[in-house]
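Here the structure is laid out as structure tokens; the discussion comes afterwards.
The values are calculated or read from the model by the stated rules, or taken from the named source; none is laboratory data. It should be emphasised that the depicted structure is a prediction, and the values quoted were computed from it without experimental measurement. Don't worry about glycine lacking a Cβ; one is built from the backbone with ideal geometry, like all the others, and counts go over all protein chains shown. Remember, those area values only see protein heavy atoms, side chains included, never the ligands or the DNA or RNA. Shrake-Rupley method; radii C 1.70, N 1.55, O 1.52, S 1.80 Å.
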Amino acid sequence: MYDWLNALPKAELHLHLEGSLEPELLFALAERNKIALPWDDVETLRSAYAFNNLQEFLDLYYQGADVLRTEQDFYDLTWAYLQRCKAQNVVHTEPFFDPQTHTDRGIPFEVVLNGINQALKDGRDQLGISSGLILSFLRHLSEEEAHKTLDQALPFRDAFIAVGLDSSEMGHPPSKFQRVFDRARSEGFVAVAHAGEEGPPEYIWEALDLLHIKRIDHGVRAIEDERLMQRIIDEQIPLTVCPLSNTKLCVFDHMSQHNILDMLERGVKVTVNSDDPAYFGGYVTENFHALHTHLGMTEDQARRLAQNSLDARLV
Ligand SMILES: Nc1ncnc2[nH]cnc12
Ligand SMILES: [Zn+2]
């Protein structure tokens, strides 16, 4: 089944480039940039990848991103991810990046963007993988800081297909970012947002009604609110679900409890994605395969999930 799932043409719609930083590349970049790491070796780092919640993961994820310094680093990161896409027949990808994670460390916005963009272009030309980049605001920072990030992005407007919202969800509802999303949409950006990963269904309502998002990232807690479920089904609003992420971050205790197939059978436009594959134990095919192993996902269901991902592309 793994090989069959791997060969299935699919799109990835929820992937943080910084979360595709494998420990081996992290160590190589640390050496190249002469950065001392608190871990002795790759295995020690990998053994630290055990999380009880989103915040524990984010603390390590931001620490890991510190090795990314030059345009070449961002190129190498993105190129390594695109090669994984090629190997797993991901024919289209819409990755996120978090500019504030880098600009707050003094890395110029253009350095980050140029490295990523050159790799995405080479991915199109050399690997045949189409793509669109999503600029994501960090929700644990202020709306004021998100406005500054949007200012930095506007000279490169054509480099982005959308804006997103990620990082620590609890205590940072979508309403906190209503004005910056208004502004982004008035500049022609499509909007997406993480909502209902750890946060309650109310955050999904806010993301839909206040941020006017076209796609919900995660959204698994929608199942707690029947009226919300009905809206998502009626309006066919896609959910970018990340099964391995949800189990690694204890959103579900075990994959056998995941609700993605229940949602699929109820008519929700759910898709399968890897979120932060270097940290959560696998890329898209591993996520599909876990659904087969622990939930008995059939070939027909896998085909529908893959088709949903192709249908839910923004570009
Ligand atoms: N799963 C996730 N949720 C929120 N922010 C993130 N940033 C990277 N991965 C994330
Ligand atoms: Zn995510």
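Some notes on this structure:
- Scope the stretch 77-123; condition of a type in the set (D, E, K, R), open to solvent by 20 Å² or more (accessible area, probe 1.4 Å) and closer than 15 Å to Gly19 by Cβ; matching residues: Arg84
- Single residue of Leu45, Leu58, Leu29 found to be open to solvent by less than 50 Å² (accessible area, probe 1.4 Å), among the hydrophobic types (A, V, I, L, M, F, W, C) and within 19 Å of Leu82 (Cβ to Cβ): Leu29
- Qualifying positions in the stretch 81-100 - away from ligand 1 (no atom under 16 Å from the Cβ) and either among the basic types (Lys, Arg) or not in a strand (DSSP E or B) (or both): Leu82, Gln83, Arg84, Cys85, Lys86, Ala87, Gln88, Asn89
- Qualifying positions in the stretch 1-27 - part of a helix (DSSP H, G or I), of a type in the set (Asp, Glu) and away from ligand 2 (no atom under 16 Å from the Cβ): Asp3, Glu24
- The residues in the stretch 177-211 that are more than 21 Å from Leu154 (Cα to Cα), surrounded by 24 or more Cβ atoms within 10 Å (Cβ to Cβ) and more than 16 Å from ligand 2 (Cβ to nearest atom) can be counted, and the count is 0.
- Screening Lys269, Lys248, Lys214 for residues that are within 14 Å of ligand 2 (Cβ to nearest atom), open to solvent by 10 Å² or more (accessible area, probe 1.4 Å) and within 27 Å of Leu82 (Cα to Cα) leaves exactly one candidate, Lys248.
- Yes/no for Met263 being touching a strand residue (DSSP E or B) at 6+ places or on another chain (Cβ under 6 Å), more than 20 Å from Gln55 (Cβ to Cβ) and more than 16 Å from ligand 2 (Cβ to nearest atom): yes
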